[in-house]
Each structure stands twice: as C-alpha cells, then as structure tokens.
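Notes to accompany the following structure.
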Amino acid sequence: MIKIIDNQKLELHYKEGFGSWTYHLKFPGTADIKGRWGHLKVSGTIDNYTIDSINFFTIGGQDKLISINDKIRKAISKSGGDTVTVTLYLLTSKEDGDI
C-alpha cells in the first residue's frame, strides 16, 4: 500500500444531481495516478472512520474522487461543505492481483 494522503483536511463536496457522487471527496495531487474505474481502490480513514476498500474515481487528467455514502456521512456526522480529516492508501490494482 502507498500512502497518498496523510491526515489532510479536505472539504466534503456536495453536488446536487451527481448521482451516487452527490457527496464526494476530491484528492489534490492525484491526477497522475494511473488506472481504470473499478481497478483503483483505496483504504484509510475519514475522521477516524475506517474505509477498508472503496473505488477511487478517475476522471481523465483530473484529481481523483471517492463517493461518501450516507452510512459514512452518518458515522462521521458530516455533510456537504464540512471539513474532514483523511488518511488514504492506494491499494494495488486488480490487474496486479493484489486486491
């Protein structure tokens, strides 16, 4: 595992009508991480809530996102516009056989 975010404060974004990505975190400095949707997974913590494995959303040439579902938002008591503290590790891609 490679640590890509270490105890960083990030804004929990809210974008109405963005489907399952309505609430998401955007990770600065991750645009150069290569991989396809569903093959990039991350783990870590959001406000001390443990994430075992979640998809790392890739938009060509842009910083990566993760979707923050209702279960996570309730556990951390946060909503759009709030700040969360994140530590994140990149798990090896499925193509490498390590997830």
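General observations
- Heavy-atom accessible surface of THR83, to the nearest 10 Å², is about 70 Å², with a 1.4 Å probe and all protein chains retained.
- Expressed as a whole percent, the accessible area of the chain that falls on carbon and sulfur atoms is 46 (1.4 Å probe).
- Taking segment 46-91 and dividing mean pair separation by its residue count, relative contact order in percent (alpha carbons under 8 Å, at least six apart): 47
- Within the chain, helix-based [θ] at 222 nm, where runs of 4 or more DSSP H residues each add -39,500 (n - 2.57), nearest 500: -2000 deg cm²/dmol
- Accessible area of ASP82 (1.4 Å probe, protein heavy atoms only, ligands and nucleic acids ignored): about 60 Å².
- Lysines with Cα under 17 Å of LYS34, excluding same-chain neighbours fewer than 8 positions away: LYS3, LYS26, LYS64, LYS94
- Where N is the number of residues in segment 8-75, Cα Rg divided by 2.2 N^0.38 Å: 1.07
- LYS3, LYS74, ranked by accessible area, largest first (probe 1.4 Å): LYS74, LYS3
- Cβ-defined net charge surrounding ARG73, 11 Å radius [Lys, Arg +1; Asp, Glu -1]: 0
- Across the chain, the relative contact order, built from alpha-carbon pairs under 8 Å that are at least six residues apart, equals 41 percent.
- Sum of side-chain charges, LYS26 neighbourhood, beta-carbon under 11 Å (Lys, Arg +1; Asp, Glu -1): 0
The values are calculated or read from the model by the stated rules, or taken from the named source; none is laboratory data. For clarity, every value in this text was computed on a predicted model and none was experimentally measured. Quick reminder, even Gly has a Cβ in these numbers, built from the backbone with ideal geometry, and neighbours come from all protein chains shown. The accessibility values were calculated without ligands, DNA or RNA, using every heavy atom of the protein model including side chains. Shrake-Rupley method; radii C 1.70, N 1.55, O 1.52, S 1.80 Å.
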